[in-house]
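The values are calculated or read from the model by the stated rules, or taken from the named source; none is laboratory data. None of these values were measured; they are calculated from a predicted model. Note: ideal-geometry Cβ built from the backbone for every residue, glycine included; neighbour counts use all protein chains shown.
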Amino acid sequence: MNPRPKLSPAEFEIMQAVWSLGEATINDVTARINQDRSVPVKRATIQVQLRRLESKKWLKHIQSERTFYYSALSGREEASAELADDIRRRIFDGSCADLVRCLFQHEKISSAEINELKTLVRKMDEH
């Protein structure tokens with residue numbers, strides 16, 4: 001399977017909105033994107049991004065009368081794994097350990113998260 005084209009930060013923000021909404025119109029996405037912004041993103045800009053995401057195979061749409069309803073072609077978890085794998089391969093020369101080390105060095109990780117990661121590693125070690 002060929003990997004999909006990468007997401008720009010603006011495209012990722014739109015994907016986050018679509019994932020949280022499930023199925024969304026341009027107006028729905030525009031409202032979600034602009035809800036916490038002091039300077040709103042124009043509807044036309046979001047419309048261009050939605051079309052671009054569709055051409056990159058991140059989104060699909062169905063049309064009902066004159067309205068397009070967009071939905072993600074994969075879930076947030078699958079897309080996150082795809083993006084993390086790309087980062088691991090391109091930036092960390094394929095090393096999972098280096099990727100995780102980088103995350104640990106630059107973020108405060110709670111005890112609960114550390115325990116969750118330990119459990120995950122134990123499960124992976126069993127397989």
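Applying the selection to region 34-62, what residues are closer than 18 Å to Leu73 by Cα and outside any helix (DSSP H, G or I)?
Correct list: Lys56, Lys57, Trp58, Leu59, Lys60, His61, Ile62.
Could you say whether any residue in region 12-33 is outside any helix (DSSP H, G or I), small (Gly, Ala, Ser) and under 16 Å from Ser80 (Cα atoms)? Give the steps one after another, and end with the answer.
Initial filter on region 12-33 (outside any helix (DSSP H, G or I)): 22-25.
In the following step, the residues that additionally are small (Gly, Ala, Ser) were identified as 22, 24.
Restricting the remaining residues to those that are under 16 Å from Ser80 (Cα atoms) gives none.
No, region 12-33 contains no residue that is outside any helix (DSSP H, G or I), small (Gly, Ala, Ser) and under 16 Å from Ser80 (Cα atoms).
Under the condition of being within 28 Å of Asp28 (Cα to Cα) and of a type in the set (Asp, Glu), which residue from region 63-93 is surrounded by the most Cβ atoms within 10 Å (Cβ to Cβ)?
To start, the set of residues in region 63-93 that are within 28 Å of Asp28 (Cα to Cα) comprises 63-84.
Subsequent filtering for residues that are of a type in the set (Asp, Glu) retains 65, 77-78, 82.
On the way: Glu65: 4, Glu77: 9, Glu78: 11, Glu82: 15.
Looking at the filtered set, the residue picked out is Glu82.
So which of Ala81, Ala112, Ala72 is modelled with pLDDT under 90 and small (Gly, Ala, Ser)? Break it down into steps so the answer makes sense when it comes.
Details: Ala112 fails: modelled with pLDDT under 90; Ala72 fails: modelled with pLDDT under 90.
So the residue among Ala81, Ala112, Ala72 that is modelled with pLDDT under 90 and small (Gly, Ala, Ser) is Ala81.
From (1) touching a residue at least 24 places away in the same chain (Cβ under 8 Å); (2) closer than 21 Å to Leu7 by Cβ, pick out the condition that doesn't hold for Arg88.
(1)
Residues are listed down the side, and each one gets a yes or a no for (1) aliphatic (A, V, I, L, M); (2) in a helix (DSSP H, G or I); (3) farther than 20 Å from Gly22 by Cβ:
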position	(1), (2), (3)
Tyr70	no, no, no
Leu83	yes, yes, yes
Ile109	yes, no, yes
Glu116	no, yes, yes
Thr119	no, yes, yes
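Being surrounded by 10 or more Cβ atoms within 10 Å (Cβ to Cβ) and of a type outside the set (A, V, I, L, M, F, W, C) narrows it down to one of Lys56, Lys108, Lys123, so name that one. If you could, list the steps in order and put the result at the bottom.
Working: Lys108 fails: surrounded by 10 or more Cβ atoms within 10 Å (Cβ to Cβ); Lys123 fails: surrounded by 10 or more Cβ atoms within 10 Å (Cβ to Cβ).
From the options Lys56, Lys108, Lys123, the qualifying one is Lys56.
Taking the stated definitions as given, is Ala31 without any contact (Cβ under 8 Å) to a residue 12 or more places away in the chain, more than 18 Å from the chain's Cα centre (by Cα) and surrounded by 15 or more Cβ atoms within 10 Å (Cβ to Cβ)? Give the derivation first.
Values: without any contact (Cβ under 8 Å) to a residue 12 or more places away in the chain: yes; more than 18 Å from the chain's Cα centre (by Cα): yes; surrounded by 15 or more Cβ atoms within 10 Å (Cβ to Cβ): yes.
Here the answer is yes, as Ala31 does meet what is asked.
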